[in-house]
Amino acid sequence: MGGYFGAVCKSDAIYDVFFGTDYHSHLGTRRAGIAAYDSEIGLQREIHNIENSPFRTKFEDVFDEMKGFAAIGCISDYYPQPLLIRSDIGTYAICVIGMVNNSEELINRYLSSGGGHFEAMTGGKVNTTEVVAALINQKSNFNEGIKFAQDSIDGSASILILTDYGSIIAARDKFGRLPILIGKNDEGYCVSFESFAYLKLGYQDEKELGPGEIVELTADRMTQLSAPGNKKRICAFLWSYYGYPTSCYEGKNVEVMRYRNGKIMAQHDKEAGLAQSIDYVGGVPDSGTPHAIGYANESGKDFARAFIKYTPTWSRSFMPTKQKERNKIAKMKQIPVHDLITDKNLLFVDDSIVRGTQLKETVDFLYSNGAKKVHMRSACPPIMYGCKYLNFSRATNDMELIARRTIMELEGEEGFNHIEEYSDSSTERGQNLRKAICRKFNFATLEFQSLEGIVEAIGLDKSELCTYCWDGKE
């Protein structure tokens, strides 16, 4: 994934962009960058690797090294950005969050007309942000160029541009799969992925861009360059997993949604008579915890942290790029509270079950520390399709998904014609899926939140949500 923050102010913007970008560190672990514009110096740019050090330690000298009344920052899980681009429509800095599935096709089209070129990265890959910039440069202005790029891309792209005259252009992806929010204070405007980032910096809510909407910000005004489209498909996984608890998207707070989501799951279990003899309810930290609190509140079972993550040195288990290393770090971080585990019936809520690799390590760890039974709940439906719009999962193909693999084991490829049944716990296929995963991971019981349940918890109409990873519907 990734996150972004920009500000254009009457005075220096570096302070706000430094802290605003840092507040997006939960969205990316590999690269980070800041670009700034000053009327005397022009455009400046700094990029660092943040795989082994947090953003703030790599950019703590930025106040001495950069200045400007307009700046943008980016946290990226993949390519270095922002990039500085010189083109016929001007020199500018650009960062892009999303996924471009047809990069090779677009590169070939661009290279075959006019002899253009791209900087090749290790293995011959091209930075997606550079591809998007090349598409924008096909037109005579930023507004038309951004619309052309978004129409050309198979996937999604939310774009921030810092111009060489000191304005910021913000464009939400065509179907609004990710948020772009605008804040305002007496000094100017800011643009952010996470709403809490600018609220902490003294800005107030001004506007949430609609799908495909493009605006230009200066310190004095916000100008709409392109009106929003009618079709919105914001990612429902924002609320279940990777959105920050204090943020709101489309007016719906993440933490409140997660409490409500856990409550709905507890109601379902009670109606079905599942897992009623529980000593403690806990979350698979950290993002599973609020779902578990909602479950515990509704079920009347005590919430407890049966194990604690040791985070001072390894704050993010997904930091290493290799799955084996991530599993080892996740295991090393888990410190048991024996009085809350030994001879106890435990129910845990995870934000999602994707591959299940780390989850199996967690369950084995609980049993090895004396748990009597471990029940598992997923705060979202079974993930059946790898996301083709956003880079929030490291899964490279659908068969890495535990639900898909289990269906193949149960029924072969024929099973993929019955995805809807396997997702539904009330069907025979749905029961078989859950029992098979229980056997794999030694769960006492397993249940997934239903699609209807998670939509209810979010509080938006399903037609406004992207649920592709669960039901395959675009």
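The values are calculated or read from the model by the stated rules, or taken from the named source; none is laboratory data. Being a predicted model, the structure only gives us computed values, none of them experimental. Neighbour counts are summed over all protein chains in view; Cβ atoms, including those assigned to glycine, are modelled from backbone coordinates with ideal geometry.
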* Inspect the stretch 199-206 for any residue being assigned to a strand (DSSP E or B) and under 26 Å from I136 (Cβ atoms) and give the result as yes or no. => yes
* Structure fact -> Taking the stretch 435-446 and keeping residues under 12 Å from A403 (Cα atoms) and in contact with a helix residue (DSSP H, G or I) (Cβ under 9 Å, 6 or more places away or on another chain) leaves A436, I437, K440
* To do: Go through the stretch 127-172 residue by residue and tally those that are out of contact with any helix residue (DSSP H, G or I) (no Cβ under 7 Å at 6 or more places or on another chain) and either among the charged types (D, E, K, R) or over 17 Å from D77 (Cβ atoms) (or both).
  => 20
* Exactly one of (1) buried (at least 22 other Cβ atoms within 10 Å of the Cβ); (2) modelled with pLDDT of 95 or more; (3) under 19 Å from the mean Cα position of the chain (by Cα) is unmet by I50. Its number? -> (2)
* Restricting attention to the stretch 435-455, does a residue exist that is in a helix (DSSP H, G or I), crowded, with 17+ Cβ neighbours inside 10 Å and among the polar types (S, T, N, Q)? -> no
* Please indicate, with yes or no, whether at least one residue in the stretch 211-222 is under 27 Å from D88 (Cα atoms), among the hydroxyl-bearing types (S, T, Y) and in a strand (DSSP E or B). => no
* Determine if the stretch 218-231 includes at least one residue that is crowded, with 24+ Cβ neighbours inside 10 Å and either touching a residue at least 24 places away in the same chain (Cβ under 8 Å) or out of contact with any Pro (no Cβ under 9 Å at 6 or more places or on another chain) (or both). => no
* To do: Looking only at the stretch 23-41, count how many residues are in contact (Cβ under 8 Å) with a residue 40 or more places away in the chain and either among the polar types (S, T, N, Q) or not in a strand (DSSP E or B) (or both).
  => 9
* Can you tell me how many residues in the stretch 176-212 are touching a strand residue (DSSP E or B) at 6+ places or on another chain (Cβ under 9 Å), surrounded by fewer than 21 Cβ atoms within 10 Å (Cβ to Cβ) and among the basic types (K, R)? -> 2
* **Filter result for N327 (at pLDDT 95 or above, among the polar types (S, T, N, Q) and part of a helix (DSSP H, G or I))** => no
